[in-house]
Amino acid sequence: MTRNAASIEHLRRGGTSVVLNLDGGRLPRILHWGADLGNLDEAALLSYAGAVEPTIGDSAVTYPQPVPVVPTLAEGWLGRPGIAGSRGGRAFAPLFREARSTVDDVDGTVRIRTTATDLASELQIDITTELGLSGLLRIAMELTNTGTDDYRLDAVEVALPLPSEAGEILDLTGRWALERVPQRHPLQVGSWVRESRGGKPGLDHTTMLTAGEPSFGFRKGRVWGVHLGWSGNQVLAAELMPAGTRSLRAGEVLLPDEVVLAPGETYRSPWVYGSWGEGLDELASRVHRHLRARPTHPRSARPVVLNTWEAVYFDHDPERLTILAEQSAALGIERFVVDDGWFLGRRDDTRGLGDWLVDPAVWPDGLEPLAARVHELGMEFGLWVEPEMVNLDSDLAREHPEWVFDAGHGPGLPSRYQHVLDLTHEEAYALVLERISAVVDRLAIDFLKWDHNRYLTDAGHSRDGRPAVRRQTQQAYRMMDELRSRHPGLEIESCASGGGRIDLGVLEHTDRVWPSDCNDPHDRVDIQRWTGLLVPPELQGTHIGAMESHTTHRVAPLDFRAATAFWGHFGIELDIASLQPEETEAVRNWIHQHRAMRDLLHSGDVVHADTQPAVRLEGVVATDRRSALFQFVVLDRPPVWPPERLRFPGLDPDLTYRVTEFTAGAPAPRDQCAPWLATGVTLPGRVLAEAGVEAPSLDVDRSMLLRLEVPSGPARRTRTG
C-alpha cells in the first residue's frame, strides 16, 4: 500500500531507525540513522525534529545543517556536492524544490520515493530510500534532463549523516595477494577520500568505509559504514565540516563526458548502502542478512571445489587432469574447475586471451571427455574465463585491433601481457558471449571462474576516443546475466587478480567472490576476516593451498591451511597427486568434516572477539545459538605470554555449552593445551563470554578449532537476578 509521506518519516527495521525530514518541499534530510528510537507518534517526531534543528544564527551557509541525502551548493552546502554538472557552464548549482514523497512497504522493506524538480536548471531528481528487514539502509537516485539541450553530469554522491561521537575512521587498503589491510586514523576537519579509478574497485578497495566511536572494535563501540554497490570507478569519503557536520559519502567517479544526458535521458546511480552497529560484527551482520534474504542467494549446499591452477598452472594434459578429477572425486570433492590454459595458444600468459576456443594442440579430443568424466564421477564441472581481456598476441586482436581500448595513444601499457577488450563494441560483445556460451552449452558447464586482471587506465572507445569505463562495467554485468539466463543453474565467481572486484553490485550477478590469490593461511586469516565486513562465508572462496605458499613462500602445516579455509566456500588448490598417503587421508577427513559442518558455517552469525594483536578468536554461532564453531589462531609472538583467556562472543548468556576441541586432523600437542581441553568443559554462555577459559599456548602460525554445543536434551538455562 502506497501513501503520501508525512513531513517527518520514521523508518524502523532490524534494530535500525532512520528519521527523515521531508518538509518544505526540499530533498530528504536524515535527522537520525542508527539505534532504534522506539515507537514515536507524529507529535513526538515533530518534537524531535525541532529539538535537533541547529542554531543557524545570521548565516545559513557557515552554520551546521542536517545532512541532505543529495547535498547541493545552492542550499548552502560547502562540502562535497551531491551533484556536479552543467549545460556548457550553465545550471551548475541545481536547487530542487516542490519535492513530493510517497511511502510503501514491499515484502517487509519500507521504501520512500521522492521526486523534485529544478525548473531553472531543467532537471528532475528521483530518490529511493529503503530500509530492509536486516536494518540495512540503501539509497539510489535518478537524474533526468527535462531541458532541450544536453546536460553533462560530472559527479553524483549520496550522503549519510554521522553523529558527533564518530571520531575515528577505519578503512581498508591492500595490494595483490594482500587485500583488505585495515588502517585507522582520526576523523579530522576536511575529507578523507578513497577513490577507485581503474575500472573496478581494486585490490586496495576499502569495501566498507567506516567511522565510529574511537577504539571501536568488533564487539564494542558504535560504528557506521558506507558501501557502493558498483564494480566500476567510484569514491567513498568521510567528511567533517568546520561547523561540526559529519557524513559518509559514496558515488561513481565519472570520467569527462562519460555521462551526457540528452533531452529526456536519465542517469541511474548504483545503490549506496549504509550499515551501523554496536561494533563491527553487528554492522556486518546487517549486510550478511540482507544478502542471505535475496531470492538469488545460493540455497544449495556450497560444493567443495578443486581448482587446478596451483596444481598444474598452464601445463594442461588430458590424462593428468582426468586422473586429478578421479582422485578429487575419491576425496569427496564436488566441483572440479579447470583454470587458465585450456584455450587456443594459451601455453603461458602472453597470448591467447580473447580466443575462447578449445586448443586442439593440447586437447585433440576437446574438453568433452574430461567434462563427461567429471560429471560421471558425480562432480560439477567448472572453467576459468576472462571475457573482458585480450592479449595482443591473439587471433582476436590481430583480426580486430579496433576492439582494444585506446585513448589515443595505442593500446596502452600491458599488465600481465594483456589489454582490455572493448565490450562496448556490440560486435565484440556478441563474439565473446557466443563463444563462451557455446562452450558452456557443449560441456554442460556448471561454474565459471570469471577473472579480471588489468585495470582500465586508458579505456577509450576506439571509434571516438571517449571514455567507456562505466559502459564496460554495465556490459560485464549484462554478459553475466545473459549467460545465467541462457544456462539456468550456471554459477559465476567474481575474481579480479584475487579480491579486486568485490562489491554488492557484482554480487547481484555472481554467486561467490575470490578474496585473494594468496592461500597462505597466515595472511588469509585476516583477508577473510576483513572481506567479511561485506561478504558472508558462503560467498567467499577459501581454498587449501600448497605447504609452501605460491605467493609468499611461507611454509604452513596442512591443518593450519585447512582450518583457515574451512569457513567459507571450501576448496582445494594444490596438486593432490603429490600428497603423501597420510596427507591424502587428512585432506579427505577435512572435506568430510566441512561437509558435515557447512550448514552451520554458511547460515550462522559471524562473530569476532576483540583480542590482543597477536591472536585471533572468531567463529560462527548458529542462529538459534545452540551451537557454534570457533577458530583460535596465533599469528605472532607478543612480549606477554601466555595469551589472554578465550572469551566467546555471540552466545546465549543463559544457555549452557560444552566446549571441546574440534579437529579433522591431528589434535593440538598436549603440552600446548590448557588442562580443561583434555576432557572439555561445560559452562553457561555468560561465563564463557565474560570470564572465558584458559587459552592453549600454541606456536606461531598454528590454530585450533573449538566446538560449542548445548548438550542434547532440554536446554539448560541458568537463573539470573
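The values are calculated or read from the model by the stated rules, or taken from the named source; none is laboratory data. Fair warning: this is a prediction, and the values are worked out from it, not measured in the lab. Positions of Cβ are generated from backbone atoms using ideal geometry, with glycine treated the same way; all protein chains shown enter the neighbour counts. Note: accessible area is taken over every heavy atom of the protein model, side chains too, but ligands, DNA and RNA are not part of it. Shrake-Rupley method; radii C 1.70, N 1.55, O 1.52, S 1.80 Å.
Structure notes:
- Residue list for the range 662-697, filter: in a loop (DSSP other than H, G, I, E, B), closer than 28 Å to His592 by Cβ and either open to solvent by 40 Å² or more (accessible area, probe 1.4 Å) or aromatic (Phe, Trp, Tyr) (or both): Thr663, Ala666, Pro667, Pro669, Thr679
- Taking the criterion of being more than 23 Å from Gly382 (Cα to Cα) and either open to solvent by 10 Å² or more (accessible area, probe 1.4 Å) or not in a helix (DSSP H, G or I) (or both), the residues of the range 422-448 that qualify are Asp422, Leu423, Thr424, His425, Glu426, Glu427.
- Any hit, the range 190-202, residues being of a type in the set (Val, Ile, Thr), farther than 15 Å from Val226 by Cα and touching a residue at least 24 places away in the same chain (Cβ under 8 Å): no
- The number of residues in the range 369-385 being more than 15 Å from Gln327 (Cα to Cα) and open to solvent by 10 Å² or more (accessible area, probe 1.4 Å) comes to 2.
- Of all residues in the range 473-510, those that are farther than 20 Å from Leu291 by Cα and acidic (Asp, Glu) total 1.
- Residues within the range 34-55 that are at positive phi and among the aromatic types (Phe, Trp, Tyr), tallied: 0
- Val52 free of Cβ contacts under 8 Å to residues at least 24 places away in the same chain, out of contact with any Lys or Arg (no Cβ under 6 Å at 6 or more places or on another chain) and among the hydrophobic types (A, V, I, L, M, F, W, C): yes
- Asp340 vs. criteria farther than 21 Å from Glu493 by Cβ, in a loop (DSSP other than H, G, I, E, B) and in contact (Cβ under 8 Å) with a residue 24 or more places away in the chain: no
- Listing of helices (runs of 4 or more DSSP H) fully contained in the range 520-633 that carry 1 or more residues being more than 25 Å from the chain's Cα centre (by Cα) and aliphatic (A, V, I, L, M): 558-565, 581-601
- Per-region count, the range 585-608, residues free of Cβ contacts under 8 Å to residues at least 40 places away in the same chain and either touching a strand residue (DSSP E or B) at 6+ places or on another chain (Cβ under 7 Å) or more than 18 Å from Gly619 (Cβ to Cβ) (or both): 4
- On the stretch given as the range 261-317, residues that are farther than 18 Å from Ala35 by Cβ, in contact with a strand residue (DSSP E or B) (Cβ under 6 Å, 6 or more places away or on another chain) and either basic (Lys, Arg) or without any contact (Cβ under 8 Å) to a residue 12 or more places away in the chain (or both) total 2.
- Test: residue in the range 318-334 that is under 28 Å from the mean Cα position of the chain (by Cα) and not in a loop (DSSP other than H, G, I, E, B): no
- Considering each residue of the range 112-132 in turn, at least one proves to be in contact (Cβ under 8 Å) with a residue 60 or more places away in the chain, within 20 Å of the chain's Cα centre (by Cα), outside any strand (DSSP E or B) and over 30 Å from Pro521 (Cβ atoms).
- Residues (within 18 Å of the chain's Cα centre (by Cα) and open to solvent by less than 20 Å² (accessible area, probe 1.4 Å)) located in the range 249-276: Arg249, Ala250, Gly251, Glu252, Pro270, Val272, Tyr273, Gly274, Ser275, Trp276
- Complete set of residues in the range 206-216 that are open to solvent by less than 10 Å² (accessible area, probe 1.4 Å) and either within 15 Å of Glu165 (Cα to Cα) or in a loop (DSSP other than H, G, I, E, B) (or both): Thr206, Thr207, Met208, Thr210, Ala211, Gly212, Phe216
- Any chance Gly174 is on the phi > 0 side of the Ramachandran plot, buried (at least 18 other Cβ atoms within 10 Å of the Cβ) and assigned to a strand (DSSP E or B): yes
- A single entry from Ala35, Ala44 fulfils the requirement of being within 35 Å of the chain's Cα centre (by Cα) and of a type in the set (Gly, Ala, Ser): Ala35.
- Considering (1) without any contact (Cβ under 8 Å) to a residue 40 or more places away in the chain; (2) crowded, with 19+ Cβ neighbours inside 10 Å, the lone condition that Ala361 does not fulfil carries the number (2).
- Filtering the range 343-358 to residues that are assigned to a loop (DSSP other than H, G, I, E, B) and touching a residue at least 40 places away in the same chain (Cβ under 8 Å) leaves Leu344, Gly345, Asp349, Thr350, Gly352, Leu353, Gly354, Asp355, Trp356, Leu357.
- Qualifying residue in the range 449-464 (condition: among the aliphatic types (A, V, I, L, M), in contact with a strand residue (DSSP E or B) (Cβ under 7 Å, 6 or more places away or on another chain) and surrounded by fewer than 21 Cβ atoms within 10 Å (Cβ to Cβ)): no
- Among the candidates Arg486, Arg501, residue that is without any contact (Cβ under 8 Å) to a residue 60 or more places away in the chain and either out of contact with any Phe, Trp or Tyr (no Cβ under 7 Å at 6 or more places or on another chain) or open to solvent by 10 Å² or more (accessible area, probe 1.4 Å) (or both): Arg486
- Scope the range 82-108; condition open to solvent by 30 Å² or more (accessible area, probe 1.4 Å) and either out of contact with any strand residue (DSSP E or B) (no Cβ under 7 Å at 6 or more places or on another chain) or among the hydroxyl-bearing types (Ser, Thr, Tyr) (or both); matching residues: Gly88, Gly89, Arg90, Ala93, Thr102, Asp105, Val106, Asp107
- Residue in the range 197-204 that is in contact with a Leu (Cβ under 7 Å, 6 or more places away or on another chain) and not small (Gly, Ala, Ser) present: no
- Top-ranked residue of the range 290-317 - restricted to ones that are out of contact with any helix residue (DSSP H, G or I) (no Cβ under 9 Å at 6 or more places or on another chain) and under 17 Å from Val513 (Cα atoms), ranked as most open to solvent (accessible area, probe 1.4 Å): Arg299
- Looking across the range 465-480, the residues that are open to solvent by 10 Å² or more (accessible area, probe 1.4 Å), touching an Asp or Glu at 6+ places or on another chain (Cβ under 9 Å), assigned to a helix (DSSP H, G or I) and farther than 14 Å from Gly198 by Cβ come down to Arg471, Tyr477.
- Flag for Glu195 being at pLDDT 95 or above, more than 25 Å from Leu617 (Cα to Cα) and more than 16 Å from the chain's Cα centre (by Cα): yes
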